[in-house]
Amino acid sequence: MEYRTRGTCSQMIHFDLTDGKVRNVRFEGGCNGNLKGIGALVEGMDAHECIERLEGIACGFKKTSCPDQLAKALKVALHE
C-alpha cells in the first residue's frame, strides 16, 4: 500500500499488510534513520497493536508525526 502523508517531513509511506501483520514499512523523506528504526520496530507487528501504540504521537509543535501518519495509513488499509 502507498499512503501520502499530511503534515510531516516524510511525503509517502509504503508498506504491506499480510494477515493483519505490518510488513516492509518504508518512508519517503523525513528523518532517514529514525524512520528506518520505526519500520524495523513494527515489522511483523499486528496492525491493531501498531495503531494503538503510534496513534496520537506528535512531532514538536505539529499535531501529527510520521508514526501517527503510519497509524492513519494502517487504519485506511484495514478498512479497504
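The values are calculated or read from the model by the stated rules, or taken from the named source; none is laboratory data. Here the structure is a predicted model, which is why all the values come from computation and not from measurement. Heads up, the Cβs are rebuilt from the backbone with ideal geometry, glycines too, and the neighbour counts pull from every protein chain shown. Note: areas computed on protein heavy atoms with side chains; ligands, DNA, RNA excluded. Shrake-Rupley method; radii C 1.70, N 1.55, O 1.52, S 1.80 Å.
Of the residues making up the stretch 37-80, those that are in contact with a strand residue (DSSP E or B) (Cβ under 8 Å, 6 or more places away or on another chain), open to solvent by 70 Å² or more (accessible area, probe 1.4 Å) and assigned to a helix (DSSP H, G or I) number 1.
Taking (1) touching a residue at least 12 places away in the same chain (Cβ under 8 Å); (2) more than 9 Å from the chain's Cα centre (by Cα) in turn, A40 satisfies each apart from (1). Restricting to the stretch 1-18, give me the number of residues that are β-branched (V, I, T) and open to solvent by 60 Å² or more (accessible area, probe 1.4 Å). The total comes to 1. Selection within the stretch 26-36: residues that are in contact (Cβ under 8 Å) with a residue 12 or more places away in the chain and not polar (S, T, N, Q). The member of this set that is surrounded by the most Cβ atoms within 10 Å (Cβ to Cβ) is F27.
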